[in-house]
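First comes the structure, then the notes that go with it.
What follows is calculated from the coordinates using simple rules that are stated; it is not laboratory data. Everything numeric here is computed off the predicted structure, so don't read it as measured data. Heads up, the Cβs are rebuilt from the backbone with ideal geometry, glycines too, and the neighbour counts pull from every protein chain shown.
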Amino acid sequence: MRAGGRVVALVIGLAAALPAAAQDRAGADLPVIVDVAVPPRVRSGEPAALRLAYRAPLANVVAVVEAIEDLDGPTLTRATRQREIGVVARAYGYEAGELVVPLAFATPGWKRVTLTLVTDQREQSDAAVVEVEVLP
C-alpha cells in the first residue's frame, strides 16, 4: 500500500510540474527587446525613428506594437494612441536583428513610447518603455 501511495504522489507531482515546465520553456521562447535607441533630438512635425534591437529564439516576430502616451498636461486630457506595425519582411526568420520603428509627433512635450514584439502565434514579448522629449 505504501509503495502505491508513493507512485500516486509521484504521478501527481509530475502532472503538476509538467505545465509549469512548459510555461517556463514557452517564456524562454518569446522574443526579447534587447535595446531601444532614441535619436538625440526629436522635433514635433518632423519624422524620427527608434532603433530596436531584438532576439527571437524561434525567429517568429511578425509585428511591433507601439503605444504612445502624452505625459504633459492634466491626466484627464492626456492622449494615448496605439498601432501595430507589420515587420514580417524584416524580422520573420531571423533570430536576432534590428528594426527601425518610425515616429512622428504633432505636439512638443514628453511622450512615453512602449514597444512590444508580437509573434506569429500572437504572443507578446515583455514591453520596452522609453520616454522621449519632443522639441518644438
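Computed values, structure above
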| item | result |
| --- | --- |
| Under 15 Å, Cβ to Cβ, from Pro136 - net charge with Lys/Arg +1 and Asp/Glu -1 | -1 |
| Label point at Glu131 placed 7 Å out along Cα→Cβ; residues across region 109-123 whose backbone nitrogen lies under 15 Å | 109-114 |
| Separation of the Val65 and Arg43 label points, Cα + 7 Å toward Cβ, nm | 3.4 |
| Theoretical gain in end-to-end length, Thr75 to Thr114 [0.36 nm per residue, Cα-Cα removed] | 12.2 nm |
